[in-house]
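Chemist: Next up is a structure, given as structure tokens.
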């Protein structure tokens, strides 16, 4: 039982470390990132299914290890998918064009209409 506890904490620590690294990693374009993300996600799902099979086969340590590896692979696949967004300016630092100040909506007219809705507040229990 002592081996199970040590392996659990080792896998949990590795998983937390992978999640922190994936969250703090900078996004930069990766060539064919979408293809890599899809393949990695399929591999992660396969490993997680294998972990489930190991858990039902009374192999808890191997199942726990496989589930940790599968979760880390899924996190990496999601991180690669984040790089494949397609909204990259090529490193030139260009910002998108700002929208129109009012966005095509007449806010002054809306404020006038809303002012007609106002009514005095009534106290509770009076």
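The values are calculated or read from the model by the stated rules, or taken from the named source; none is laboratory data. Computed from a predicted model, the values in this text were never measured in an experiment. Here the Cβ positions follow ideal geometry from the backbone for every residue, glycine too, while neighbour counts run over all protein chains shown.
Chemist: Taking residue 58 as meeting all but one of (1) part of a helix (DSSP H, G or I); (2) within 21 Å of residue 11 (Cα to Cα); (3) over 15 Å from the mean Cα position of the chain (by Cα), write down the number of the exception.
Modeler: (1)
Chemist: Can you tell me which residue in the stretch 77-88 is modelled with the lowest pLDDT, limited to those that are surrounded by 10 or more Cβ atoms within 10 Å (Cβ to Cβ) and out of contact with any helix residue (DSSP H, G or I) (no Cβ under 6 Å at 6 or more places or on another chain)?
Modeler: 88
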